[in-house]
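The values are calculated or read from the model by the stated rules, or taken from the named source; none is laboratory data. Model, not experiment: these values are computed from the prediction. Heads up, the Cβs are rebuilt from the backbone with ideal geometry, glycines too, and the neighbour counts pull from every protein chain shown.
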Amino acid sequence: MYGCQCPKRLFLHKYGRDLRNPIDDGQQFIMQAGTDVGELARQLFPGGVDAAPPDAYAYQISVEKTKAFIRQGESIIYEAAFQFEGVLCALDILVRKGNAWYAFEVKSSTSVKAQHVQDAALQYFVTTNCGLLVHDISIVFLNNQYVRKGALDTQQLFSTQSVVDEAKALQDFVNDKIQAFKTMLVQRNVPVVDIGPHCFTPYGCDFTNHCFSHMPSEDSIFELPDRTAWKLYADGYKALHHIPDDYELSDKVNMQLLHHRTGEVFIDKAQIRKFLLPLTHPLYFFDFETIMPGIPEFDESKPYQQIPFQYSLHVQRTRYAALEHFSFLGDGIRDPRSELLISMLQHLGTTGSILCYNMNFEKQRIKELATLYPNFEKELLAINERVVDLMIPFARRWYYHPDFKGSYSIKAVLPVLIPELRYDVLPIQEGGMASLAYVQLKWQDDETISLQRQQLMDYCKMDTLAMVKILEYLRQVIS
Ligand code: SF4
């Protein structure tokens, strides 16, 4: 499967493992979440025997176990492994009905993707060549319309789609790929494959640090939007200063390039003034943190639904009043939404502008809370009416600094405008890390819990304090 994405990835996976990007906690967590989904899907076919290997490098044991289980007449086997001419595959669930076998491959996505079909085609190839009578092969995936009510209903949580016809149609493709990859691996010549969008799709490759090492770390064309950057790369450019003046670019990219070259800041004071004018005190600076569990943890939630578990709120009652701060952080175990809702309604008042950065995210969560708790619908929707997006002056480039490098995210804007406020000194530096820290609260000891709770509070507080400072900065700019 790596080879289908990029032959070089397969080659490096075999012979250049030390060149891999380091695995961070977030990736580890995603892998673990995938394993959890796989194990839960076993409940669709309970009572099977497990052929899983003791570790990821001992699949030979699984192959032998699977053979023995089949000989013994077992009819449900988990992690059934097969090997044909040096190609090994493992099926999440294998079910016997009469003489025929039905294979199920579990994915933690919410739809069947092209790469899942290729994966199934390889499994079909290996298993049938091993002599197994495979009647059907299906992808089991998460049903994003399932709403949890009480105990998890695995029959509803999972959807199943047969891909046997597509898998059969891909048999020649699989055979050709296997032969080509085997030749490449035997010859031990690193395939010549240049970087491209394939490095990130269908999966992020774990050799990007190695393969992108010829790109300049500063002044790189990858500071531009992806599509433009790849077009420039295909045309032979790597550094921004190499791009000729007459190269056709969008207005936004031209502006970014111009300011990159001159080092000058662009400010449209009139537009910023117009943006700031309607803001009314008290001013609220508000931010949510969320988790998105694939397996719904709480009643009235769907797979991958965003569940707000924390907010931070800075309040400035009048222009020169001292800042007040309020926050909420769930306990990591219970559904945080109702308590969070009560707390935020208490502090957000009924008048004054509510500033968010990238407001669509916060407004959407508030709308979802309004649907979930109809008794509070009116108050919640009234809050949404007061929300103003502090990202607008930067997204519309009324204020553009070359050091934003084309981005208008708060993580790009803050260090340039307010260098003394820094995320990189915090243990939690971005939303993904915050979600991970929150999910981990469940199984940690008391000392770690209180440390991580404090880190979560510090991170979220920084997001709203950053907004306070950015607003002050914009006010100074126009004054
Ligand atoms: S980074 Fe890109 S070119 Fe390098 S191995 Fe991965 S997919 Fe292939």
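Would you call Ala229 small (Gly, Ala, Ser), out of contact with any strand residue (DSSP E or B) (no Cβ under 6 Å at 6 or more places or on another chain) and within 16 Å of the ligand (Cβ to nearest atom)? The answer is yes for Ala229. Find the residue count for segment 426-453, including only residues that are of a type in the set (A, V, I, L, M), more than 23 Å from the chain's Cα centre (by Cα) and surrounded by fewer than 16 Cβ atoms within 10 Å (Cβ to Cβ). Result for segment 426-453: 1. Residues that are without any contact (Cβ under 8 Å) to a residue 12 or more places away in the chain and more than 16 Å from the ligand (Cβ to nearest atom) number at least 3 in the following helices (runs of 4 or more DSSP H) confined to segment 1-109: 25-41, 59-71.
Considering each of Gln452, Gln440, Gln444, Gln429 in turn, give the residue that is closer than 30 Å to Met31 by Cα, touching a Leu at 6+ places or on another chain (Cβ under 7 Å) and either free of Cβ contacts under 8 Å to residues at least 40 places away in the same chain or not assigned by TED's automatic domain parsing to the domain that holds Gln32 (or both).
Numbers: Gln440 fails: touching a Leu at 6+ places or on another chain (Cβ under 7 Å); Gln444 fails: touching a Leu at 6+ places or on another chain (Cβ under 7 Å); Gln429 fails: touching a Leu at 6+ places or on another chain (Cβ under 7 Å).
Unique residue meeting the criteria: Gln452.
Within segment 211-231, residues that are among the aromatic types (Phe, Trp, Tyr) sit with their Cβ atoms under 7 Å from residues that are in a helix (DSSP H, G or I) and within 13 Å of the ligand (Cβ to nearest atom), at 6+ positions apart or across chains, in these pairs: Trp230/Pro197.
Among the residues of segment 83-90, at least one is among the small types (Gly, Ala, Ser), surrounded by fewer than 19 Cβ atoms within 10 Å (Cβ to Cβ) and closer than 26 Å to Val193 by Cα. Taking Arg365, is it in contact (Cβ under 8 Å) with a residue 40 or more places away in the chain, among the charged types (D, E, K, R), surrounded by 14 or more Cβ atoms within 10 Å (Cβ to Cβ) and not in a helix (DSSP H, G or I)? In short, no.
Quick check: is even one residue across segment 381-389 at pLDDT 95 or above, out of contact with any Asp or Glu (no Cβ under 8 Å at 6 or more places or on another chain), in a helix (DSSP H, G or I) and more than 28 Å from Leu277 (Cβ to Cβ)? Walk me through it before giving the result.
Looking only at segment 381-389, we keep the residues that are at pLDDT 95 or above, and these are 381-389.
Going one step further and asking which of them are out of contact with any Asp or Glu (no Cβ under 8 Å at 6 or more places or on another chain), we end up with 381-386, 388-389.
Now narrow it down to the ones that are in a helix (DSSP H, G or I): 381-385.
Now restrict to residues that are more than 28 Å from Leu277 (Cβ to Cβ): none.
So far as segment 381-389 goes, no, none of its residues is at pLDDT 95 or above, out of contact with any Asp or Glu (no Cβ under 8 Å at 6 or more places or on another chain), in a helix (DSSP H, G or I) and more than 28 Å from Leu277 (Cβ to Cβ).
Among the criteria (1) under 21 Å from Ser407 (Cα atoms); (2) surrounded by fewer than 15 Cβ atoms within 10 Å (Cβ to Cβ), the one Lys231 does not fulfil is (2).
Selection of segment 87-109 for residues being in contact with a helix residue (DSSP H, G or I) (Cβ under 7 Å, 6 or more places away or on another chain) and not acidic (Asp, Glu) yields Val87, Leu88, Cys89, Ala90, Leu91, Ile93, Ala103, Val106, Lys107, Ser108.
Can you tell me which residue among Asp246, Asp172 is assigned to a loop (DSSP other than H, G, I, E, B), acidic (Asp, Glu) and surrounded by fewer than 18 Cβ atoms within 10 Å (Cβ to Cβ)? Even if it seems obvious, please write down each step before you answer.
Details: Asp172 fails: assigned to a loop (DSSP other than H, G, I, E, B).
Only one candidate qualifies: Asp246.
Residues that are within 27 Å of Glu85 (Cα to Cα) and either modelled with pLDDT under 95 or more than 9 Å from the ligand (Cβ to nearest atom) (or both) within segment 192-201 comprise just one, Val192.
Looking across Phe207, Phe125, Phe200, Phe181, one residue alone is aromatic (Phe, Trp, Tyr), surrounded by 16 or more Cβ atoms within 10 Å (Cβ to Cβ) and within 30 Å of Asp403 (Cβ to Cβ). It is Phe207.
Is it fair to say Lys149 is touching a residue at least 60 places away in the same chain (Cβ under 8 Å), away from the ligand (no atom under 16 Å from the Cβ), within 25 Å of Ala41 (Cβ to Cβ) and among the basic types (Lys, Arg)?
Criteria met by Lys149.
Residue-level check: of (1) more than 9 Å from the ligand (Cβ to nearest atom); (2) in contact (Cβ under 8 Å) with a residue 12 or more places away in the chain; (3) charged (D, E, K, R), Asp206 misses just (1).
Taking segment 127-148 as the region of interest, how many residues are among the hydrophobic types (A, V, I, L, M, F, W, C), out of contact with any helix residue (DSSP H, G or I) (no Cβ under 7 Å at 6 or more places or on another chain) and closer than 19 Å to Gly38 by Cβ?
Narrowing segment 127-148 to residues among the hydrophobic types (A, V, I, L, M, F, W, C): 130, 132-134, 137, 139-142, 147.
Adding the requirement that they be out of contact with any helix residue (DSSP H, G or I) (no Cβ under 7 Å at 6 or more places or on another chain) leaves 130, 132-133, 141, 147.
Now narrow it down to the ones that are closer than 19 Å to Gly38 by Cβ: 141.
Number satisfying all stated conditions: 1.
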